[in-house]
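These notes are about the structure you will find just below.
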Amino acid sequence: MPTPLRMKRINDRIKQVLSVVLLTRIEDPRLAGVSVTDVKVDRELDYANIYVSSLDGEKSSREVIAALNHAHGYLKHEIAQEVDLRVMPRLRFFWDPTPERADRIDSLLAKLREESEAALDTEELDPDGDEDLFDGIDAKDWEAEEYLAEFDDMTDEDVIDDRDE
């Protein structure tokens, strides 16, 4: 049995070869816009589960899977030419709904972001309508001369030093 690193290399290489073949060599119009999202070969190298997605979305999934199953002999031959394996695994094609789900999640997050930004734009700083307690205080109120004068008259004896205790 191959090591996990070798399995990853085999999976990645099959995915790469299939992606190139689907983009450049297949002329079936049903396979236009199809991309390979993942490949998982079992440990005995008997089966290669190939997950695909299409730009058309899930509405064309049956058509795409049927076209891939029809072309599996050619695809297996192309993979065998590029990937050096003693026995070529059987190809099984599955629809991968992950890209559509990711798009749906992105659109929902964008909608939530827009709603929260709109809510922040319409909301005032104080949503209760109460007057803010600090609105009437100016910077010079904090620096009143009468309080500063107290500190100027202090001597070293007036200051309590905690280190002496």
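Only the coordinates and a few stated rules stand behind these numbers; no lab work does. Please read these numbers as outputs of a predicted model, since none were measured by experiment. Here the Cβ is made from the backbone with ideal geometry for all residues, glycine too, and neighbour counts use every protein chain on show.
Would you mind checking which residues have amide H under 5 Å from Phe94's amide H? H placed 1.01 Å from N; only 5 or more apart, or other chain.
For Phe94, whose amide H was placed from the backbone, the distant partners under 5 Å are Ile50, Tyr51, Val52.
Suppose each label sits 7 Å from its Cα in the direction of the beta carbon; what would the Arg104-Ala119 distance come out to in nanometres?
Distance between the two pseudo-spin positions: 2.3 nm.
Would you mind checking which residues have amide H under 5 Å from Tyr47's amide H? H placed 1.01 Å from N; only 5 or more apart, or other chain.
It is Asp42, Arg90, by chain and number.
Filter the trypsin sites (Lys or Arg not before Pro) in region 60-92 to those in DSSP coil with at most 15 other Cβ atoms within 10 Å of their Cβ, and list the result.
Arg86
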